Structure formats: C-alpha cells, structure tokens
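Trainee: Submitted below is the structure of interest, expressed as structure tokens.
The values are calculated or read from the model by the stated rules, or taken from the named source; none is laboratory data. Quick caveat: nothing in here was measured; it's all calculated off a predicted structure. Positions of Cβ are generated from backbone atoms using ideal geometry, with glycine treated the same way; all protein chains shown enter the neighbour counts. SASA here: full protein model, heavy atoms, side chains in, ligands and nucleic acids out. Shrake-Rupley method; radii C 1.70, N 1.55, O 1.52, S 1.80 Å.
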Amino acid sequence: MKILFIGDIVGKSGRATVKELLPSLLKEHSFDLVIANGENVTHGKGINEAHYHELLGYGIDVITLGNHAFSKAEIYKYIDKADKMVRPYNILPQDYGVGYLELEVCGAQVVILNLCGSVFMENVQESPFNSMAKLLPLFKDKIVIVDLHAEATSEKIAFAHQFKYTCSAVLGTHTHVQTADDRLIGSCAFISDVGMTGPYNSIIGRDITEVLDKFKGFNVKTYTVSEDKAQFCAVILDIDESNRKARSITRLQIRP
Ligand code: FE2
C-alpha cells in the first residue's frame, strides 16, 4: 500500500499549499491513505473544527497532533466527534480524543498511533517507549504507523531501533525541519523529521523579525505566524500489506 504522510501543516499558507498540491499528488500516486500532522494548523498552534474539516476536504484521511493538540479551547468540544483525528496517546489531558486509530486499508488493518517524545517536552505523562510496549499486544498482526512528535533526533532514532520489527513506520514530526535520514531500520520506514508544510521564509513557521528580536534579548511574548508561501514536506511510504514490512520511504520537499 502507498501512504502519503504530510509533515506539520502550519497556518494559513500551509493549508493553502496542501489545497494547491495535494490533488495533483493524489492523481500521480493514487495513495491508499493520506495522513497529516495538523497540530499547527490554526494560527500556528492547535486546530479548530473548521480547519479539521477543511483538511479532510482536501483529501487527508487522518490528522495527527502533537504538543499543541489542546492549544485551542474549542478542541474539547469537538475532539470526541472527530473520528479522523488522533491526539498524542501519552500527553495530558488523557480523557479527550483517541491516541490511536484503526482503519482498514487495502484489506489490511492499519493502526495510526500518535506519541510525544519525552525529551524537552512538557505534559508528557509516560515515555513513548513505555506507551508503545504497553500497546503492542493490541496491535498484533496490524500495520502500525507511528507519528513520533518529538524534539530530539536521538530519541526518535532510538525508538525506531527498539520497534523496528513491530512498527511498519516511525515518522518524526515537530521540529519543522526535514532531515535527510529517510531509511529502513529493520522492516520499519523511518525519518527523524518529515519537515514542515508551512511558510518557507520564516523561522520554523514564525515571523523572522520577531524571533530574531527574541534571540537578541527583547521581550517577545507571542509570535506571529508568517504568511509567506509555504513549502510542502512529506514522505511517501510503500508497505507490503502481506507481511507488514516497509518496502521504501521517500522524502518529498516542494519549495515555493
Ligand atoms: Fe510540536
């Protein structure tokens, strides 16, 4: 099966780029499943209900989240009805939404699991390693795709080595910078970070001047999301549904 996983969609320009590019990618590749990280979709932090439906309308099947999952207050009102959305399994609060989702794709059962890393991350209730070990018995004989939303490349690479024969893909998100280490580890497709689908001329999605001011020591409390035209970052996965092994992972980066 062919899967497209789109890296962190940031703000208005990220959404516009998905709208512009996804139809032609779908036509060219006939993906069986499209997953996107949407934790920065609404003004750079969180996702509101309108934007959740907007992304599904562009052809995205499942939306994963991250450390900003609960940044918009309205998420508490709609997340339990949003049956195409996955929030990190191991962050607080734990009683809203689901941490993994199971779908039938090409006759196979596919689990999409969202986890946060525990290095340099707040509100993480349990190490992703412990969460995964606990969940594995439930995922027996299923294709498991993990969005590991984490800061440290070391944690993401270590996770892939630990679960290289039980996960079909471990895909890093959160840093907004695509890494060039897409590869197979065991039978698992891996990349440290898929990269951002968001404003190209920005500092990981935010206005350049404001971030520079912060680094110069000025008191900057909030950052504006850049509206510069977005780059598109994703990976294409090919997974053999007969044995759940990844055949390939290919990086995609389309710059404006
Ligand atoms: Fe994040």
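Trainee: Rounded to the nearest percent, how much of the accessible area of the range 130-242 (1.4 Å probe, protein heavy atoms only) is carbon and sulfur?
Mentor: That share works out to 54 percent.
Trainee: In the full protein assembly as shown, how much of Leu21 is accessible to a 1.4 Å probe, in Å² to the nearest 10?
Mentor: 40 Å²
Trainee: Follow-up. Sorting Thr153, Thr64, Thr222 by accessible area (1.4 Å probe), largest first, what list results?
Mentor: Largest to smallest exposure gives the sequence Thr222, Thr153, Thr64.
Trainee: A further question on this structure: Given Cβ point charges of +1 (Lys, Arg) and -1 (Asp, Glu) and nothing else, what value in debye, to the nearest 20, does the dipole of the chain about its Cα centre take?
Mentor: 240 debye
Trainee: How big is the equivalent ellipsoid of the chain along its three axes, where each semi-axis is √(5λ) from the Cα gyration tensor, reported in whole Å from largest to smallest?
Mentor: They are 27, 20, 18 Å, listed from largest to smallest.
Trainee: Okay, next question. Could you order Arg244, Arg15, Arg183 so the one with the most accessible surface comes first? Probe is 1.4 Å.
Mentor: From most exposed to least exposed: Arg183, Arg244, Arg15.
Trainee: Classify the range 129-240 as rounded, prolate or oblate, taking a ≥ b ≥ c as the square roots of the eigenvalues of its Cα gyration tensor: rounded when a/c is under 1.5, otherwise prolate if a/b is larger than b/c and oblate if not.
Mentor: prolate
Trainee: Any idea of the accessible area per residue across the chain, 1.4 Å probe, to the nearest Å²?
Mentor: So the chain comes to 44 Å² accessible per residue, rounded to a whole number.
Trainee: Ok, one more. Taking the full set of protein chains and a 1.4 angstrom probe, give the accessible area of Glu54 in square angstrom, rounded to the nearest 10.
Mentor: Using a 1.4 Å probe on the heavy atoms, I get roughly 50 Å².
Trainee: Determine the relative contact order of the range 2-254: mean sequence separation of Cα pairs under 8 Å and six or more apart, normalised by residue count, in whole percent.
Mentor: 19 percent
Trainee: Just read off the accessible area of Asp95 with the full protein assembly in place, 1.4 Å probe, to the nearest 10 Å².
Mentor: 120 Å²
Trainee: If you don't mind, there's one more thing I want to ask. Of Ser192, Ser127, which has the most accessible area with a 1.4 Å probe, and how do the rest follow in descending order? Can you show the working numbers first?
Mentor: On the way: Ser192 0, Ser127 35 Å².
Largest accessible area first, the list is Ser127, Ser192.
Trainee: What's the long-distance tail for the range 90-146, i.e. % of Cα pairs beyond 18 Å?
Mentor: 37 percent
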